[in-house]
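Reviewing the structure listed below.
Derivation of every value follows stated rules applied to the coordinates shown; laboratory data play no part. Here the structure is a predicted model, which means the values were calculated and not measured. Using ideal geometry, Cβ is built from the backbone for each residue, glycine included, and neighbour counts are taken over all protein chains shown.
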Amino acid sequence: MKKIVWALILIVLIWGSLFAGASPISLKQLVNGNSQQQLIFLTTRIPRTISLIIAGATLSICGLIMQHLTQNKFVSPGSAGTTDSARLGIVIVMLFFPNAPLLFRSFIAFLFAFMGTILFIYLINFLAAKNKLMIPLIGVMFGNIFGSIATFFAYQFNLIQNMTSWLQGNFSTVMKGNYELIYLTLPLLLITYLLAYQFTIVGMGEDITKNLGLNYQFIQLIGLAIVALANTLILIMVGNIPFLGIIIPNLISIHYRDYIKNTLLLTATTGSAFLLICDIIARSIIAPYEVPVSVVVGILGSLIFLSLLLRKEPL
């Protein structure tokens, strides 16, 4: 019964995302062949809704993987230096390869994100922080170093406006023909499902993983590569979306525990639903104008994150 209700809620949110916006669209006129509304619906509304669903699911799953790999509930790509490292890679591409194709830009950003995440893992292992709040704080400071370097070069070479507008989480520019790279995250989600058991074991610690005959470092490396690539693709396609990778996996694990294979679909759909809600609010709050969805996610996400921190029961 719960699954049916949840599916109906998701369908309603998808319907709202498809038909909400500055340009009113009528289902009756779509069916009757209104060419202008059909053009808007096919070129902007459908791509935007698909991007919201995929981005919400991908960022939530990336957070889930990172929390298992680091054995810390407050870690996500945004608090592990992954996003900031990718941003530095994007600035490097803007400086040295301004006319490079999108795939090449994505590859360079992925390399920076991957190496930055590995450095973060090495750093927390080297410091051996016992307080669970210290690890994400270290990640935030670590990421800010890369972010500051990226901002410095952007200011030096007059790229700050391009970088800010490109990396701000906003789905208003998503259109048919310029968003399809986001589909590359779907195979990564499938790989995550196939490796769900291994990621769950890794989340129990290195000793248990090795006692069960699994290669701890290799599985961790695969997980970091999936997170870095998926997060980079989302960052390049729609920009930075804060808090999603932290709050959604925690909300799910509170009620359904930590076995990834059982919670993967629920985590993905909850992330999609949350991002759809935030996007509908962003389009409606000052209609016919809209605010970037990252602003709404940041406000709601920070409130949820604070409530998680203030819980009596530890995460």
For the range 87-94, 3J(HN,Hα) per residue [Karplus equation, 6.51 cos²θ - 1.76 cosθ + 1.60, θ = phi - 60°, Hz, x = Gly/Pro]
5, 4, x, 5, 5, 4, 5, 4
Report, to the nearest 10°, how far helix 134-156 tilts away from the longest principal axis of the Cα atoms in the chain, using its own Cα long axis and a range of 0 to 90°.
60 degrees
Output the 0 to 90 degree angle, nearest 10, between the alpha-carbon long axis of helix 185-194 and the longest principal axis computed from the alpha carbons of the chain.
40 degrees
Output wanted: per-residue J couplings in Hz (rounded whole) for the range 243-258, from phi through Karplus 6.51 cos²θ - 1.76 cosθ + 1.60, θ = phi - 60°, x for Gly and Pro.
6, 4, x, 9, 6, 5, x, 5, 4, 6, 5, 4, 9, 10, 6, 10
Amide hydrogen neighbours beyond the local backbone of Asn240, cut-off 5 Å, H modeled:
Gln168, Gly169
Stokes-Einstein translational diffusion, the range 156-204 - Kirkwood Rh over all Cα pairs, 1.567 mPa s, 4 °C, in µm²/s:
91 µm²/s
Under the classification rounded if a/c is under 1.5, otherwise prolate if a/b is larger than b/c and oblate if not, where does the range 241-315 fall, given a ≥ b ≥ c as square roots of the Cα gyration tensor eigenvalues?
oblate
Residue by residue through the range 215-221, the couplings from Karplus 6.51 cos²θ - 1.76 cosθ + 1.60 with θ = phi - 60°, in Hz, x for Gly and Pro, are 8, 4, 5, 5, 5, 4, 5
Among [x] 23.0, 71; [y] 17.7, 50; [z] 19.7, 65, find the value of Rg and Dmax of the Cα atoms in Å that was calculated from the structure presented, and write down its label.
[z]
Among Ile65, Gly21, Leu233, flag the residue with its Cα farthest along the positive direction of the charge dipole of the chain, charges on Cβ as +1 for Lys/Arg and -1 for Asp/Glu.
Gly21
What spacing in nm lies between the two simple spin-label points modelled at Leu303 and Leu103, each 7 Å away from Cα in the Cβ direction?
4.4 nm
Of Cys62, Cys278, how do they rank once you tally other Cβ atoms within 10 Å and put the fewest first?
Cys278, Cys62
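Arrange Met134, Met66 by Cβ neighbour counts within 10 Å, fewest through most, would you?
Ascending Cβ contact count within 10 Å gives the list Met134, Met66.
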7 Å from Cα along Cα→Cβ at both Ile149 and Leu137: what's the point-to-point distance in nm?
2.4 nm
Using modelled amide H (1.01 Å from N, peptide plane; none on Pro or chain starts), what sits under 5 Å from the amide H of Gly21, excluding residues fewer than 5 places away?
none
Which of Ile61, Ile4 has the fewest other C-beta atoms within 10 Å, and how do the rest follow up to the most?
Ile4, Ile61
Relative to the longest principal Cα axis of the chain, at what angle does helix 260-284 sit, 0 to 90 degrees, rounded to 10?
40 degrees
